[in-house]
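Report on the following structure.
The values are calculated or read from the model by the stated rules, or taken from the named source; none is laboratory data. These numbers come from a predicted model, not from an experiment. When we count neighbours, we look across all protein chains shown, and the Cβ atoms used for this are built from the backbone with ideal geometry, even at glycine.
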Amino acid sequence: MSVTPETTVNLEVLAATSGIGYDTLQRRFASGKIPVPDFREKRRLGWRLSTIRAWNPQIAARIERGITA
């Protein structure tokens, strides 16, 4: 799979690559400590990889490595 700045990352992938639990990530999102998602579909959230990179380049690099592995 090729990775571009437009690659979409969901909350589950963000939790797995950040080392932060899913529930903790949801709380951080609710409190504004994680960027506003680029996409919302029902109860699913999604961010462009470029949004994650602007927020936390280290997590974006882990996501990118995981996708291309």
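Scan the helices (runs of 4 or more DSSP H) fully inside the chain and keep the ones with 1 or more residues being surrounded by fewer than 18 Cβ atoms within 10 Å (Cβ to Cβ) and in contact (Cβ under 8 Å) with a residue 60 or more places away in the chain.
Output list reads 57-68.
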Practice problem: Would you mind stating whether THR8 is modelled with pLDDT of 85 or more and touching a strand residue (DSSP E or B) at 6+ places or on another chain (Cβ under 9 Å)? | Solution: yes
